[in-house]
1. Does any residue in region 85-96 that is free of Cβ contacts under 8 Å to residues at least 60 places away in the same chain and more than 15 Å from residue 274 (Cα to Cα) come within less than 7 Å, Cβ to Cβ, of a residue that is among the aliphatic types (A, V, I, L, M) and surrounded by fewer than 24 Cβ atoms within 10 Å (Cβ to Cβ) six or more places away or on a different chain, and which pairs are these?
2. Considering only residues that are buried (at least 18 other Cβ atoms within 10 Å of the Cβ) and without any contact (Cβ under 8 Å) to a residue 60 or more places away in the chain, look in region 25-36 and name the one that is farthest from residue 281 (Cα to Cα).
3. Could you tell me whether region 282-297 includes any residue that is surrounded by 17 or more Cβ atoms within 10 Å (Cβ to Cβ), more than 18 Å from residue 125 (Cβ to Cβ), modelled with pLDDT of 95 or more and among the hydrophobic types (A, V, I, L, M, F, W, C)?
4. If only one of 67, 60 is part of a helix (DSSP H, G or I) and under 25 Å from the mean Cα position of the chain (by Cα), which one is it?
5. What strands (runs of 3 or more DSSP E), lying completely within region 203-243, carry at least 1 residues that are within 11 Å of residue 139 (Cβ to Cβ) and without any contact (Cβ under 8 Å) to a residue 60 or more places away in the chain?
6. Considering only region 124-135, I want to know if a residue exists there that is of a type outside the set (A, V, I, L, M), part of a loop (DSSP other than H, G, I, E, B), in contact (Cβ under 8 Å) with a residue 40 or more places away in the chain and over 23 Å from residue 75 (Cα atoms).
7. Let me confirm something: among 242, 194, 228, which residue is hydrophobic (A, V, I, L, M, F, W, C), crowded, with 20+ Cβ neighbours inside 10 Å and either in contact with a Gly (Cβ under 6 Å, 6 or more places away or on another chain) or closer than 22 Å to residue 308 by Cα (or both)?
8. Within region 53-66, is even one residue in contact (Cβ under 8 Å) with a residue 60 or more places away in the chain and either within 23 Å of residue 283 (Cα to Cα) or of a type in the set (A, V, I, L, M) (or both)?
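The values are calculated or read from the model by the stated rules, or taken from the named source; none is laboratory data. On a predicted model such as this, the values are computed, not experimentally measured, just so you know. For neighbour counting, all protein chains shown are included, and Cβ atoms are generated from backbone atoms with ideal geometry for every residue, glycine included.
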Amino acid sequence: MTTPTRVAVVGVGALGQHHARVYAGLAEATLAGVYDVEPARSREVAARHGCRVLETLDEVIAAADAVSVAVPTVDHHRVVRLLLEAGTDVLVEKPIATTLEEADDLVRIARERGRILQVGHVERFNPAADLLRKHATGPRFIEVHRLAPFSPRSLDIDVVLDLMIHDLDLLLSLDGSEAVQVDAVGVPVLSSRADIANARLRFASGLIANLTASRVSAEKVRKFRVFAPRTYISADLATREAQVYRLQDGPSGPDVSMERSEAGTAEPLVRQAEAFLQAVRDRSRPLVSGEDGRNALALATVILERMAQSLL
């Protein structure tokens, strides 16, 4: 048995507390402690999992070899930079940072210091995303809807960086070519930032993608539909299942077959943490690297620019 990796969580609010829960339940990790700017929150989460309350980032660095960072996006660059420079491996929640300059700085420091930098695009670890990667060969058109009820969480960023960026990362992992044309619109509804947005993208490969993200919906929807030659895939990232339709040549002519696939019940956040710990142990490139997080942010930034232009 290898020695469990000492892991700490910085920021134990709505999402960070689940990072703490996951590490506390993994045999390959020891939850070394939690840190939050609200001490009462730190004490509550630490008591729940029987770990230390860490009172400063210096204490975090001394206590842990690897850290999950789930602070507000505006603080990502400052916190992650400090940890990387101290020689700590980091999993930072998406988006990697607020600007491309900040993202590039973090990627550079991780490379120079030989540190693992993974970005929390957790949908990459959704079992339904495994089905997309397995069946979506040569996609030509992709339609995405990610809708969620309003929540006061993450109001420091707009819906593109809050929700749509998940699907931008998935798109880039499926296609990999450059977006050569971007059209987008977005409007604020219940906050001062865009709460609903739509983007239409054309990639160098010829792929067309249409994405809608909303955090003012009455229901939660996470649908990813892929159209490829002779194949249509409808993946539900919420229920973690997919329907795959294929056009086949039958004895009486063309026929459409349908296969329903259940992707499994593995929790994406657990799979993400396991992958991070594996990269830390092996010193290998994470499945969602700092560069991947930077590329998703770059595409989101273009979409935000197009949204701003549409309002002029």
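1. 85/109; 86/61; 88/61
2. Of the residues in region 25-36, the ones buried (at least 18 other Cβ atoms within 10 Å of the Cβ) are 29-36.
Keeping just the survivors that are without any contact (Cβ under 8 Å) to a residue 60 or more places away in the chain gives 30-36.
On the way: 30: 14, 31: 16, 32: 17, 33: 20, 34: 21, 35: 23, 36: 26 Å.
Result: 36.
3. Filtering region 282-297 down to residues surrounded by 17 or more Cβ atoms within 10 Å (Cβ to Cβ) leaves 286-297.
Subsequent filtering for residues that are more than 18 Å from residue 125 (Cβ to Cβ) retains 294, 297.
Those left that are additionally modelled with pLDDT of 95 or more: 294, 297.
Right, trim to among the hydrophobic types (A, V, I, L, M, F, W, C) and you get 297.
Taking every residue of region 282-297 in turn, at least one turns out to be surrounded by 17 or more Cβ atoms within 10 Å (Cβ to Cβ), more than 18 Å from residue 125 (Cβ to Cβ), modelled with pLDDT of 95 or more and among the hydrophobic types (A, V, I, L, M, F, W, C).
4. On the way: 67 fails: part of a helix (DSSP H, G or I).
None of the others qualify; the one that does is 60.
5. On the way: elements: 208-214, 221-228, 231-236.
Ranges flagged: 231-236.
6. Of region 124-135, the ones of a type outside the set (A, V, I, L, M) are 124-127, 130, 133-135.
Keeping just the survivors that are part of a loop (DSSP other than H, G, I, E, B) gives 126.
Then keep just the ones that are in contact (Cβ under 8 Å) with a residue 40 or more places away in the chain; that gives 126.
Add one more test, that the residue is over 23 Å from residue 75 (Cα atoms), and what stays is 126.
The answer is yes; a qualifying residue exists.
7. On the way: 242 fails: either in contact with a Gly (Cβ under 6 Å, 6 or more places away or on another chain) or closer than 22 Å to residue 308 by Cα (or both); 228 fails: crowded, with 20+ Cβ neighbours inside 10 Å.
Result: 194 is the single residue among 242, 194, 228 that is hydrophobic (A, V, I, L, M, F, W, C), crowded, with 20+ Cβ neighbours inside 10 Å and either in contact with a Gly (Cβ under 6 Å, 6 or more places away or on another chain) or closer than 22 Å to residue 308 by Cα (or both).
8. yes
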